[in-house]
Amino acid sequence: MSGFSRDEAVDRLESIVETVENDLTPVPVREVWAFGDIALGLDPVERLDVYLTKDVLVRDDQAGRSAADAEYDIEGVGKSVRAEWAERYPEHLRANRNGHAAPEKCLAAQLLPDDEPVHLEVCNTSFEDNVTQRLRGAKLREDYTQLLDPRGVCLWVDGTTSEEAFRKLREGDLALPTLSAALEMLGMDEPEATDAAQAVHEWRSTQEGVTIRGDVV
């Protein structure tokens with residue numbers, strides 16, 4: 001799939017919010033954001049960027065290992081992801097390289113078809129806080145591909161959907177700056193912001209299908 005029409009992209013966001021709000025997810029989700037190109041009024045949208053703020057699963061009411069652990073040879077069911085979710089949706093259970101249940105991959109499997117051009121960010125802190133954290137880390141490592149595009153719009157928080165945000169997205173009615181200008185607003189000087197924006201755009205152009213990035217701050 002090469003991209004979304006604007007309406008298709010917003011439809012996909014509405015589907016994600018509906019699932020998060022109404023279905024059991026592998027970990028609790030507190031916020032859903034859209035960011036990047038979808039917020040700029042572009043049509044078509046080449047890649048759809050979505051950010052989920054999740055809670056770290058501290059305790060699962062269903063103690064012990066789920067049958068899914070043995071069936072899929074995945075550790076952490078009932079610790080990293082809900083045991084009840086794994087039993088209900090074993091087809092969406094995913095692991096990291098160490099064979100441990102990976103919440104961000106499980107969320108992507110539940111929420112997104114695997115052939116769509118979507119980038120999913122999953123973190124335990126809010127979008128706005130993580131923009132600052134990731135900017136600091138990217139500058140220290142001199143790896144601008146790790147930046148989080150700050151041009152975001154909050155769609156859903158703790159059970160409340162922003163109908164106004166969805167309306168503005170569908171109509172392309174958000175006034176947002178270029179990525180380099182947005183980075184300058186966060187304190188980058190102009191040459192660095194230009195280089196950083198170019199690095200992000202080049203990285204995005206190499207991505208295909210669903211891409212996922214999960215981190216804990």
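The values are calculated or read from the model by the stated rules, or taken from the named source; none is laboratory data. This structure is a prediction, so every number in the text was calculated from the model and none was measured. Counting neighbours? That spans all protein chains shown, and the Cβs are built from the backbone with ideal geometry, glycine included. Side chains included, ligands, DNA and RNA excluded: accessible areas come from the protein's heavy atoms. Shrake-Rupley method; radii C 1.70, N 1.55, O 1.52, S 1.80 Å.
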From the options Leu148, Leu140, residue that is assigned to a helix (DSSP H, G or I), under 25 Å from Glu192 (Cα atoms) and aliphatic (A, V, I, L, M): Leu140
Regarding Thr125, is this residue in a loop (DSSP other than H, G, I, E, B) and under 30 Å from Leu57 (Cα atoms)? yes
Within the range 75-89, the residues that are within 11 Å of Thr25 (Cα to Cα) and of a type in the set (A, V, I, L, M, F, W, C) are Val81, Ala83, Trp85, Ala86
Report yes if Ala109 is surrounded by fewer than 14 Cβ atoms within 10 Å (Cβ to Cβ) and closer than 27 Å to Val17 by Cβ, otherwise no. no
Within the range 137-153, tally of residues that are open to solvent by 40 Å² or more (accessible area, probe 1.4 Å) and either at pLDDT 95 or above or closer than 26 Å to Pro44 by Cβ (or both): 1
Considering each residue of the range 3-46, count those that are farther than 28 Å from Lys79 by Cβ, of a type in the set (Lys, Arg) and out of contact with any helix residue (DSSP H, G or I) (no Cβ under 8 Å at 6 or more places or on another chain), and give that number. 1
Looking only at residues that are open to solvent by 50 Å² or more (accessible area, probe 1.4 Å) and not in a helix (DSSP H, G or I) in the range 158-178, which one is modelled with the lowest pLDDT? Ala175
Does Glu71 meet the test of being open to solvent by 80 Å² or more (accessible area, probe 1.4 Å), within 23 Å of Thr211 (Cα to Cα) and either modelled with pLDDT of 95 or more or not in a loop (DSSP other than H, G, I, E, B) (or both)? no
Consider Pro191 carefully, then state whether it is out of contact with any His (no Cβ under 7 Å at 6 or more places or on another chain) and not in a helix (DSSP H, G or I). no
When the range 75-104 is examined, which residues are found to be in contact with a helix residue (DSSP H, G or I) (Cβ under 9 Å, 6 or more places away or on another chain), assigned to a helix (DSSP H, G or I) and open to solvent by 50 Å² or more (accessible area, probe 1.4 Å)? Glu87, Glu91
